[in-house]
Every structure is written in C-alpha cells, then in structure tokens.
Amino acid sequence: MTGTVLVTYGTTNGSTAQIAETIADVLRKSGLTVEALPAQAVPTVTAYDAVVVGGGLYAGRWQKDARRFLRRHRHDLAERPLWLFSSGPLDASASEREIPPVPGVKKAMVELDVRDHVTFGGCLEEGAKGWVARMILRNGKGGDFRDFTAIETWAARVADELTPTWGGSSALLRPRCPAPGPE
C-alpha cells in the first residue's frame with residue numbers, strides 16, 4: 001500500500017468534478033497523498049488505502065459512472081475506508097438540512113460499510129448537457145447551489161480520520177488510538 005487516497009466521481013456537466021477536486025485539495029493540505037480521477041478512468045483501487053466516491057444526482061439516482069464504479073470495485077472497496085458524497089439538489093435544501101442518501105447509495109453504504117455520506121447542493125448552468133437539463137434551465141430552476149465551505153468542512157473531517165492523532169506512521173488503515181494516559 002502506498003498511503004494514497006483516491007477521490008473519484010461520476011459527473012455529467014462537471015459540477016461534481018469540481019466538488020471532488022475541492023475535497024482532494026483539502027486532503028492534500030492535510031498532508032495526504034491524493035489522486036482525483038473520473039470514475040470511468042480508474043481501472044483498480046488496489047493501489048489506494050482509502051477512497052472517496054462522489055456522484056451527481058439525476059432523477060433520484062447517482063450518475064451512472066459512479067454507480068458502475070461502486071459495482072465494479074465493490075470487493076476491494078469493502079476492504080478500505082470509504083466515504084461517499086452526492087451532488088444534486090438545485091435549491092438551498094442541502095445547506096439547510098441533512099439530506100439522506102438516495103436508495104441506491106443507501107444500499108451501497110450498508111454493503112460497503114461506508115464511513116460517512118453527505119449530500120451537497122448541485123449546480124446546473126447554461127450549456128449543460130441533456131434535454132432534461134435544458135428543460136430545467138428553461139424553467140428557471142438552474143443555478144449554483146454548491147456550498148464550498150460545507151464541502152471543505154466535510155473534507156477536513158475525512159482528513160482527520162485519515163491522519164494520525166499522535167506519533168507513529170500513517171493511520172490510514174488503523175482505527176484512531178486514544179492519547180496515552182496515566183496507567
């Protein structure tokens with residue numbers, strides 16, 4: 001193992017990729033080695049000690065590349081610390097309250113023993129691909145609802161779980177040790 005974290009994502013119009021890159025940047029600033037890649041570009045996860053996977057939400061489902069990634073790598077993912085994030089609501093709801101994972105993501109969380117999941121607001125702006133996206137924009141329902149402060153805060157919590165709390169080498173695959181106290 002290399003002590004490397006993979007941040008991967010499924011995106012159609014790039015919004016989820018920007019969230020993934022922000023998460024990767026926060027993890028790097030915490031001293032971790034991080035690779036951020038589109039889900040379809042990851043042939044294997046065996047070189048990574050931990051994985052963060054994100055998917056854009058479309059009609060109540062994760063973007064297809066993110067779904068396929070979880071399915072294709074499920075056995076190896078089950079052996080690593082794993083976090084998931086979703087990107088999608090085109091309103092302020094994700095900043096106002098916790099939004100539960102969609103059913104497919106919830107099922108994956110149980111099967112893969114996911115450490116945490118969060119839903120961030122989405123972004124749909126002019127030039128988006130797909131006729132549904134264009135209809136949403138035509139009806140005035142688009143916009144950028146991503147909260148980068150919330151994204152960075154969540155990523156910092158992931159980083160805290162991945163970095164040692166005292167002495168020793170990388171704590172990536174070990175649970176946190178309590179600080180030594182009087183015996």
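Structure summary
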{"quantity": "Global geometry of region 92-170, whether rounded, prolate or oblate, following the gyration tensor of its Cα atoms and the 1.5 cut on a/c", "calculated": "prolate"}
{"quantity": "Ellipticity estimate at 222 nm from DSSP helix runs (n ≥ 4, -39,500 (n - 2.57)) divided over the chain, nearest 500", "calculated": "-10000 deg cm²/dmol"}
{"quantity": "Per residue accessible area in Å² of region 1-156, where ligands, DNA and RNA are left out and the probe is 1.4 Å", "calculated": "50"}
{"quantity": "Region 1-73 - charge dipole about Cα centre, Lys and Arg +1 at Cβ, Asp and Glu -1, debye rounded to 20", "calculated": "340"}
{"quantity": "Amide H partners (placed H, <5 Å) of residue 145, local residues excluded", "calculated": "122, 123, 124"}
{"quantity": "The chain: Cα Rg divided by the 2.2 N^0.38 Å rule of thumb", "calculated": "1.07"}
{"quantity": "Convex hull projection area averaged over all views, region 58-127, Cα basis, nm²", "calculated": "5.2"}
{"quantity": "Fully extended contour minus Cα-Cα distance, from residue 148 to residue 93, at 0.36 nm per residue", "calculated": "18.3 nm"}
{"quantity": "Extended-chain gain in nm, criterion 0.36 nm per residue less alpha-carbon gap, residue 37 and residue 135", "calculated": "32.3 nm"}
{"quantity": "Percent carbon-and-sulfur accessible area, the chain, ignoring ligands, DNA and RNA, probe 1.4 Å", "calculated": "53"}
{"quantity": "Unit charges at the beta carbon, dipole of the chain: most positive-side option, 101, 22, 50", "calculated": "101"}
{"quantity": "Length added when fully stretched, residue 111-residue 4, from 0.36 nm per residue minus Cα-Cα", "calculated": "36.2 nm"}
{"quantity": "Efficiency of FRET between residue 160 and residue 125 - r from beta-carbon atoms, R0 41 angstrom, step 0.05", "calculated": "0.80"}
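The values are calculated or read from the model by the stated rules, or taken from the named source; none is laboratory data. What you see is a predicted model; the values in this text were computed from it and never measured. As a convention, Cβ positions derive from the backbone with ideal geometry for all residues, glycine included, and neighbour counts pool all protein chains shown. Note: areas computed on protein heavy atoms with side chains; ligands, DNA, RNA excluded. Shrake-Rupley method; radii C 1.70, N 1.55, O 1.52, S 1.80 Å.
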